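Student: Here it is, the structure in full.
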């Protein structure tokens, strides 16, 4: 049985089961749908040898990791929002305005050092909140290329921000 057939058969038999798994952990059916779709996109593009015995474990591992990534991103976003709003009573303090402006300025300086290909993808991901699959569809660039460019951009931004902080 070839790889495409194996994945297709698994998808038709177990997609709803995987969706239920993701939905119970996320509570958001739209987000769960996206994660399940991303799981199968990753499986289709993997170079790993797949068998009927290993496929299920690999799929659930990828799904669990994507769910963890989702919660990490959400926690970071919430932490940043709480930091900006901390100490304000409905009004934005001058300190938080300057802090936010400083962050934007540092990000722009860091982005200026990144190649244009990576910069555009990084902006779509960070500033517009788009997922890799959405960026791929939006730009017409292959999923793996978007994933690699985003990884390079993140690495370069981390390096830059560590150097200036």
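Student: Taking just the alpha carbons, could you work out the radius of gyration and Dmax for the stretch 1-86, both in angstroms?
Tutor: 15.5, 58
Student: Something else now. What is the packing order of peptides 1-13, 21-33, taking the mean over residues of other C-beta atoms within 10 Å and listing the highest first?
Tutor: So the order, starting with the most tightly packed, is 21-33, 1-13.
Student: Determine the distance separating the Cα centre of the stretch 113-134 from the Cα centre of the stretch 1-58; give it in Å without decimals.
Tutor: If we compute the Cα centre of each part, the gap is 26 Å.
Student: Report the full-extension gain for the segment residue 56 to residue 148: residue separation times 0.36 nm, less the Cα-Cα distance, to one decimal in nm.
Tutor: Going from the current span to full extension adds 30.6 nm.
Student: Give me the number: length gained by fully extending residue 2 to residue 115, i.e. 0.36 nm times residue separation minus the C-alpha to C-alpha distance, one decimal in nm.
Tutor: Answer, rounded to one decimal: 36.8 nm.
Student: Once you have the Cα-Cα distance between residue 138 and residue 155, take 0.36 nm times their residue separation minus that, and quote the gain in nm to one decimal.
Tutor: So the extension gain works out to 3.8 nm.
No value in this document is a laboratory result; all are computed from the given coordinates. Note that this is a predicted model, so its numbers are computed, not measured. Every residue, glycine as well, gets a Cβ built from its backbone with ideal geometry; the counts of neighbours run over all protein chains shown.
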